[in-house]
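Below is one structure, written out as structure tokens; the observations come after it.
The values are calculated or read from the model by the stated rules, or taken from the named source; none is laboratory data. Nothing here was measured: the structure is a model prediction, and the numbers come from that model. So basically every Cβ, Gly included, is an ideal-geometry build from the backbone, and we count neighbours across all protein chains shown.
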Amino acid sequence: MARLVHVARLYPEVGQVGKLDGQGHAARGLWNLLHEWHIMCREHRRSALPLAAVDRQMREARKSPPEGFEWLSLLPAQACQQVLKQYQAAWKRCYAGLARPPRFRFRRRARLAVDVPQASGLQVIRRSRRWGVLSVPGVGRVRFRWTRPLPGVSRGVPGRLTGARLVREVNGWHVVFRIETPDVRPEPHGGPVVGVDRGVTRTLALSDGSFRDLPVLLSVGEAGRLLRLERKAARQRRARARGAATSNRLTRTYDQIARVRARTKRRRDDWAHKVTTGI
């Protein structure tokens, strides 16, 4: 079985956005609690508790949260278990030399994410040619952009959905579907072989003598807006005292810059996928 992912943009309502943000920050806070507990055990030279014992304590804390930890009840039980599994997997990757040690996730810089590990809880339905609907525990039915057939929902599509992960990007929330499909060996290509070289002046140079150039990704108005925002951020940084916290206005300007740059990235990736598929 081959494991694939499909990313689709969510279009939650105003009240649902607040619930998704609350679950994302609850998952981030739970990660920080686990990391703080791990550091405390290392400082006192104590062995870490088994995974089952930590899971039992999290369940008890969700049912009757201590004072100041009421936000734990915002996160569904299965999402809490996924945070614990991800934290354990992060240390395993670190010990194997594949990644850096886990760190605290700060509120402004962290990428919010919530897991829905079981596909049965999603209840994905296609409403029209462009729209689909899925269920998010604790949030309700949320619309998403339908851009490709999904196994188990569309007829004749092999494979199955195994779960999903909700991720907040600079342009809003997205759903990442986990898909398992049968391994399919591609048919041998009967055409000529073409070599591709990446360059600076010309984006792609092919061995047959043709070129593929990256188009201008931002319009004149978008490029001018990005320049104005970058100059505005520079002025706000100069006005801030050294060592002072980032102001809300500067943070808002950074978010606006990130949205424009994310649009550039999406257009660049779209061009790369279409050109390489054509080649």
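Numbers at a glance
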quantity: Residue in segment 17-39 that is part of a helix (DSSP H, G or I), surrounded by 18 or more Cβ atoms within 10 Å (Cβ to Cβ) and β-branched (V, I, T) present; calculated: no
quantity: Members of segment 96-113 found to be among the hydrophobic types (A, V, I, L, M, F, W, C) and in a loop (DSSP other than H, G, I, E, B), listed by number; calculated: A96, L98, A99, F104, F106, A110, L112
quantity: Failed condition for H35, given (1) within 24 Å of E70 (Cα to Cα); (2) under 16 Å from the mean Cα position of the chain (by Cα); calculated: (2)
quantity: Unmet criterion (only one of (1) farther than 21 Å from D270 by Cα; (2) small (G, A, S); (3) assigned to a strand (DSSP E or B)) for A234; calculated: (3)
quantity: Single unsatisfied condition, V116 versus (1) in contact (Cβ under 8 Å) with a residue 60 or more places away in the chain; (2) of a type outside the set (D, E); (3) closer than 29 Å to L4 by Cα; (4) surrounded by 12 or more Cβ atoms within 10 Å (Cβ to Cβ); calculated: (1)
quantity: Scan of segment 196-227 for residues that are outside any loop (DSSP other than H, G, I, E, B), closer than 30 Å to T253 by Cβ and not acidic (D, E), ordered by number; calculated: V220, G221, A223, G224, R225, L226, L227
quantity: Search result, residues across segment 57-76 that are closer than 22 Å to G121 by Cβ and exposed (fewer than 14 other Cβ atoms within 10 Å of the Cβ); calculated: R59, K63
quantity: Those residues of segment 157-170 which are in a loop (DSSP other than H, G, I, E, B) and touching a helix residue (DSSP H, G or I) at 6+ places or on another chain (Cβ under 6 Å), in sequence order; calculated: V170
quantity: Matching residues, segment 193-239, being in contact (Cβ under 8 Å) with a residue 40 or more places away in the chain and either surrounded by 12 or more Cβ atoms within 10 Å (Cβ to Cβ) or touching a Pro at 6+ places or on another chain (Cβ under 9 Å) (or both); calculated: V196, L204, L206, R212, L214, L217, L218, E222
quantity: Residue check for R178: of a type in the set (K, R), modelled with pLDDT of 90 or more and exposed (fewer than 15 other Cβ atoms within 10 Å of the Cβ); calculated: no
quantity: Residue within segment 90-99 that is under 17 Å from the mean Cα position of the chain (by Cα) and touching a residue at least 24 places away in the same chain (Cβ under 8 Å) present; calculated: no
quantity: Residue that is surrounded by the fewest Cβ atoms within 10 Å (Cβ to Cβ) [pool: residues in segment 3-12 that are of a type outside the set (S, T, Y) and closer than 15 Å to L166 by Cβ]; calculated: V5
quantity: Residue match in segment 209-216 (condition: touching a Gly at 6+ places or on another chain (Cβ under 8 Å) and not assigned by TED's automatic domain parsing to the domain that holds E169); calculated: no
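Residue-wise test of (1) of a type in the set (F, W, Y); (2) in contact (Cβ under 8 Å) with a residue 40 or more places away in the chain; (3) in contact with a Phe, Trp or Tyr (Cβ under 6 Å, 6 or more places away or on another chain).
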residue	(1), (2), (3)
R127	no, no, no
V133	no, no, no
G138	no, yes, no
R141	no, no, no
W146	yes, yes, yes
